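This report concerns only the one structure given below.
Computed from the coordinates by the stated procedures, all read-outs in this text should not be read as laboratory data. Note that the coordinates shown come from a computational prediction; the quantities given were computed from them, not determined experimentally. Note that each Cβ is placed from the backbone with ideal geometry, even for glycine, and that neighbours are counted across all protein chains shown.
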């Protein structure tokens, strides 16, 4: 007699009915000759379906689509690792897979992420919604930009985790954006980031920002802002005005806050870089790519609208001597001949010790100028290591005459390493020769 094999995929009711029929018929029971009419009466399953199951010995048949191998099978571990890190943006996952040789499209990646959301770390508890506060703030083309800071932790191999600041600016009308990273969010870096953004997008009529310490000190008794002195001079030098926004009011400055969050969700996840210069190159390429894409929220391509409409209103940045001074922050040379810039020290020739200089980082080089920026003192290659960077003539020569060999030196001698001091109880080692008595 042929043994009944019931797999886990069969209905339990069919298994029970076949067992009952086997116990009733005894040795005369044959699975291949089972009475389908009786099995239909016991199970309630149609005879046509039972006939199909009988052809396979009442074993389930794997559907062809389920047995088909997915194009994503070899890359599942990569997506799982990204999901476990909290990276759920399908575009970021798709770019990571393409760099690993993934030949498929983005739709199957979206479906996989949707089906495996349980791999994501738990979200923090959200605050109860406060409801709508009014209409969104809108401006004319080129009338206003929004700016803000965002912060991200950078994991390094040479020390603890450090904090990096991201300067973000966006056109309020079309959505053209610019981002740049700095080691900190000091006022001098704010000025440099704004000037680079104005060079990229033009100078608007006014800039929307929140109550930054480097922008506003307080408000007077009439509610008017009291500007920080250096920032007020900066506004006059460049030629724009600043408007402050209400705290916790996203309808006025929400675009740049959304841009900061978009940078953290789209540009930064899984990002590795060599130094800040390399990171800013990637950030500029990312800005060019995003500005050339269609944005559903604004129903336009930002680069096209900014070129055709906003650029007719904004003014070009004229880099005068006053503006150049903001691009080159002032530094004082230390007693040992270094200038401190962005947490690193760079050497300056000895004859300039104690004087004031101006420092500017452009791409992979750091330039040290005189206080009036008319003469270049020294140039350094930016390596972004924590070691001090020395330069030629950093220390004064003694001026004493020195003799040098006139013929090639071929005589060699060897220097032995310093002997290790013996322990105090070594004098009790009687196996060692010599007089150990003291």
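Helical content of the chain, expressed as a calculated mean residue ellipticity at 222 nm, amounts to -9000 deg cm²/dmol (DSSP H runs of 4 or more residues, -39,500 (n - 2.57) each, divided by residue number, nearest 500). By the count of neighbouring beta-carbon atoms within 10 Å, fewest first, 286, 149 end up ordered 286, 149. Here, the chain is characterised by an Rg to Rh ratio of 1.24, where Rg is the alpha-carbon radius of gyration and Rh the Kirkwood radius.
Sorted fewest first by neighbouring Cβ atoms within 10 angstrom, 293, 147 come out as 293, 147. The fewest-to-most ranking of 161, 308 by surrounding Cβ atoms within 10 Å reads 161, 308. Against the longest alpha carbon principal axis of the chain, how many degrees, from 0 to 90 and to the nearest 10, is the axis of helix 229-238 turned? Roughly 80 degrees between the two axes. Between the beta carbons of residue 213 and residue 13, assuming R0 = 60 Å, the FRET efficiency works out to 0.20 to the nearest 0.05.
If I take every Cα pair under 8 Å that is 6 or more residues apart in the stretch 210-278, average their sequence separation and divide by the length, what percent do I get for the relative contact order? Relative contact order here is 22 percent.
Here, the stretch 12-65 is characterised by an Rg to Rh ratio of 0.99, where Rg is the alpha-carbon radius of gyration and Rh the Kirkwood radius. Evaluated at q = 0.09, 0.11 Å⁻¹, the base-10 log of the normalised Debye intensity for the stretch 144-312, with identical point scatterers placed on the Cα atoms, takes the values -0.32, -0.47. So which residue, out of 157, 340, 233, gets the largest mean-square fluctuation from a GNM of the chain using Cα contacts under 10 Å as springs? Of 157, 340, 233, the Gaussian network model singles out 157 as fluctuating most. Between helix 250-262 and the chain there is an angle of about 80 degrees, using the helix long axis and the longest principal axis of the Cα atoms.
Here the gap between residue 220 and residue 20, fully extended at 0.36 nm per residue and compared with their Cα-Cα distance, gives a gain of 62.7 nm. With both labels modelled 7 Å from their Cα along Cα-to-Cβ, the residue 81 to residue 199 distance reads 3.7 nm.
Just the number, please: Stokes-Einstein D of the stretch 70-119 in µm²/s, Kirkwood Rh from C-alpha pairs, 20 °C, 1.002 mPa s. Here the translational diffusion coefficient equals 203 µm²/s. Suppose a student asked you for the relative contact order of the chain, using Cα pairs under 8 Å spaced at least 6 residues apart; what percent would you report? So the answer I get is 10 percent. Extents of the stretch 264-411, largest first, come to 78, 41, 27 Å (Cα atoms, principal axes, whole angstrom).
Each label point was placed 7 Å from the Cα along the Cα-to-Cβ direction; for residue 303 and residue 206 their separation is 3.2 nm. Once the chain from residue 284 to residue 372 is taken as fully extended at 0.36 nm per residue, the excess over their C-alpha distance is 28.7 nm.
Taking 0.36 nm per residue of separation and subtracting the current Cα-Cα distance, fully stretching the chain between residue 410 and residue 35 would add 124.4 nm.
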